[in-house]
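First up is the structure itself, then whatever we jot down about it.
The values are calculated or read from the model by the stated rules, or taken from the named source; none is laboratory data. On a predicted model such as this, the values are computed, not experimentally measured, just so you know. With ideal geometry, Cβ positions are generated from the backbone for all residues, glycine too; neighbour counts draw on all protein chains shown. Calculation scope for accessible area: heavy atoms of the full protein, side chains included, ligands and nucleic acids excluded. Shrake-Rupley method; radii C 1.70, N 1.55, O 1.52, S 1.80 Å.
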Amino acid sequence: MPGLGRRSLRGDDLRFRPRQRDVHVAEPAQQIIGAVQELQDYQQSKGEELIMGLISRRSAVAGLGASALVLGSGPRARAAGNYGPGVTDTEIKLGTTAPYSGPASGYGVYGQAQTAYFQMINDNGGINGRKINLISLDNAFSPPKAVEQTRKLVESEEVFAIAGFLGTATNAAVQKYLNAKKVPNLFLTSGAERFNDPKEFPWIVPFYPIYVAQGAALGTFILNQKPDAKIAVQYVNDDLGKDFLRGLKKGLGGNVSAIVKEVSHEITEPTIDNQVADCKGAGANVFVQLTYSKFAAQGIRKVAALGWKPLHIVNSNCSSTGGTLAPAGLDNAKGLVSAWWEVIATDPHQRDKPRVKAYVDFMKRYMPSVSIDDNTATPGYNNAYMIEQVLRRCGDELTRENLLKHATVLSNEQPPLFLDGIKVSNSATDYRAIHNLQITQFDGTNWMPIGDMVDLDGIAS
């Protein structure tokens, strides 16, 4: 994926550094573009400070095919505060990893969005006068690689905290290590139940609806829509797939016998076409895929090729229009059902909102080679936004303990790309942050809501 110009490669740390002349911190305020001003107004209305300045095309960090990207910092004198590792008067050093290569490289857009967001913040003065130095390394969606790269970030780079990355298996691989080192892993993108464990793993803070609860919501939806359902389930054999499946069965309750076919696959398998054919052969009229985008796209194409017309449901991780549906064929995806809590920037009902306009402008200027309908960037943007907020709230007391404290007392937050009405809060004893979602159906062009929002609290209990 094209992005910033390539620099010298050092071992397996393929590092990209933006040119300092591309940082436009001192541009005059009159050059601020309208959409960004609207996002500033939106955030100021919530009592939060975010200074948005000129967004330069030349500082775009879009479409990285890299395994690492480092955001630089500029000097600014300030009074000494109480600092943890990776913090100075002028810089806050964060680390993360993303699948820039490997079987799930499409999800690398998430890491690119994190990097782009903090580049935007740096271009406009940083956070409380400090620039964010984000080091994003390639984990190839491999647990051993995630451990190796995370150890490098903590022990060699001495980062202040981990900007939570995407992926259940990769996050699980570093969970014990980061917790033992007392390094905050902030707002990681996985709904596996294992990450909501503040008693045993207080330094691991998730920011994603729990998979079991999502699965239960889908199970309840099936019962309401198809009382005579004969369900075939195809799921990935990891914590993500297993948690979704467990939730689906809880939602079905006494009707779990409606599942007539249940088949798993490994993430390393090249295709699941034969499994889809087996599911049709079982006589199912409901087909549920609990997997990753690559395999959901294969499933959508194969269902169409077979002339099969089930109620087709995919888990929320596979609902990206650009990342899943477009590769499968939008006509083939018509009627597909999934769940949403984040805004879709191309939705005609959302795109005129100031915060959505600002996001579209951000994408055009900082990630121009990534399609606006690739919703994989959305959670990366929301993740970086939330990290920005808790860093601001820390003021000059930039210790890991204070960062964790602010990250675990969220109350009535509204990330800019969350649907209106989504409840966001957590506590020191319950790290679940997202408490409801919207069941949706793809009409061939847009995702349309079905019914009222689903309350996830207690749904899978």
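What do you reckon, is Ala192 in contact with an Asp or Glu (Cβ under 6 Å, 6 or more places away or on another chain) and closer than 17 Å to Ile459 by Cβ?
So Ala192 fits the description; yes.
Taking region 271-296 as the search range and keeping residues that are outside any loop (DSSP other than H, G, I, E, B) and either at pLDDT below 95 or of a type in the set (Lys, Arg) (or both), which one is farthest from Gly106 (Cα to Cα)?
Lys280
Can you name every residue in region 165-180 that is modelled with pLDDT of 95 or more and either buried (at least 18 other Cβ atoms within 10 Å of the Cβ) or part of a loop (DSSP other than H, G, I, E, B) (or both)?
Thr170, Asn171, Ala172, Ala173, Val174, Gln175, Leu178
Mind listing whichever residues of region 297-324 are part of a helix (DSSP H, G or I) and within 17 Å of Asn375 (Cα to Cα)?
Here is the first cut: in region 297-324, the ones part of a helix (DSSP H, G or I) are 297-306, 316-318, 321-324.
Within region 297-324, Ala297, Ser316, Asn317, Cys318, Thr321, Gly322, Gly323, Thr324 meet the criteria.
Of the residues that sit in region 325-351 and are in a helix (DSSP H, G or I) and out of contact with any Phe, Trp or Tyr (no Cβ under 9 Å at 6 or more places or on another chain), which one is most open to solvent (accessible area, probe 1.4 Å)?
Only one residue fits best here, namely Asp331.
Table: residues versus (1) in a loop (DSSP other than H, G, I, E, B); (2) open to solvent by less than 10 Å² (accessible area, probe 1.4 Å).
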position: Gln389; (1), (2): no, yes
position: Arg392; (1), (2): no, no
position: Glu413; (1), (2): yes, no
position: Thr445; (1), (2): yes, no
position: Ile459; (1), (2): yes, no
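For region 181-196, does any single residue satisfy the condition of being farther than 22 Å from Glu342 by Cβ and open to solvent by less than 10 Å² (accessible area, probe 1.4 Å)?
Checked against the condition, which is being farther than 22 Å from Glu342 by Cβ and open to solvent by less than 10 Å² (accessible area, probe 1.4 Å), region 181-196 yields at least one hit.
Restricting attention to region 227-237, report how many residues are part of a loop (DSSP other than H, G, I, E, B), open to solvent by less than 30 Å² (accessible area, probe 1.4 Å) and touching an Asp or Glu at 6+ places or on another chain (Cβ under 9 Å).
Selection size over region 227-237: 0.
(1) open to solvent by less than 10 Å² (accessible area, probe 1.4 Å); (2) farther than 26 Å from Phe362 by Cβ; (3) touching a Leu at 6+ places or on another chain (Cβ under 8 Å): which one isn't true of Val154, the others all being true?
Failed condition: (1).
The rows are residues; the columns are (1) open to solvent by 60 Å² or more (accessible area, probe 1.4 Å); (2) under 25 Å from the mean Cα position of the chain (by Cα).
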{"site": "Glu266", "(1), (2)": "yes, yes"}
{"site": "Asn274", "(1), (2)": "yes, no"}
{"site": "Gly281", "(1), (2)": "yes, no"}
{"site": "Ala284", "(1), (2)": "no, no"}
{"site": "Gln289", "(1), (2)": "no, yes"}
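Could you tell me whether region 361-372 includes any residue that is under 28 Å from Lys131 (Cα atoms), assigned to a loop (DSSP other than H, G, I, E, B), among the hydroxyl-bearing types (Ser, Thr, Tyr) and in contact with a Pro (Cβ under 9 Å, 6 or more places away or on another chain)?
Checked against the condition, which is being under 28 Å from Lys131 (Cα atoms), assigned to a loop (DSSP other than H, G, I, E, B), among the hydroxyl-bearing types (Ser, Thr, Tyr) and in contact with a Pro (Cβ under 9 Å, 6 or more places away or on another chain), region 361-372 yields at least one hit.
I'd like to know if region 194-215 contains one or more residues that are within 24 Å of Ser293 (Cα to Cα), in contact with a Pro (Cβ under 7 Å, 6 or more places away or on another chain) and not in a loop (DSSP other than H, G, I, E, B).
Scanning region 194-215 turns up at least one residue that is within 24 Å of Ser293 (Cα to Cα), in contact with a Pro (Cβ under 7 Å, 6 or more places away or on another chain) and not in a loop (DSSP other than H, G, I, E, B).
If I filter region 207-226 for residues that are open to solvent by 10 Å² or more (accessible area, probe 1.4 Å), without any contact (Cβ under 8 Å) to a residue 40 or more places away in the chain and closer than 27 Å to Glu342 by Cβ, do I get at least one hit?
yes
All but one of (1) in contact with a Lys or Arg (Cβ under 9 Å, 6 or more places away or on another chain); (2) surrounded by fewer than 22 Cβ atoms within 10 Å (Cβ to Cβ); (3) of a type in the set (Asp, Glu) hold for Asp138, so report the exception by its number.
All conditions are met except number (2).
What is the one condition in (1) outside any helix (DSSP H, G or I); (2) open to solvent by less than 10 Å² (accessible area, probe 1.4 Å) that Tyr385 does not satisfy?
Going through (1) outside any helix (DSSP H, G or I); (2) open to solvent by less than 10 Å² (accessible area, probe 1.4 Å) one by one, Tyr385 breaks only (1).
Condition test on Thr440, is it farther than 17 Å from Thr189 by Cα, at pLDDT 95 or above and crowded, with 19+ Cβ neighbours inside 10 Å?
It is true that Thr440 is farther than 17 Å from Thr189 by Cα, at pLDDT 95 or above and crowded, with 19+ Cβ neighbours inside 10 Å.
On the basis of being buried (at least 22 other Cβ atoms within 10 Å of the Cβ) and either touching a helix residue (DSSP H, G or I) at 6+ places or on another chain (Cβ under 8 Å) or not basic (Lys, Arg) (or both), does Thr408 make the cut?
no
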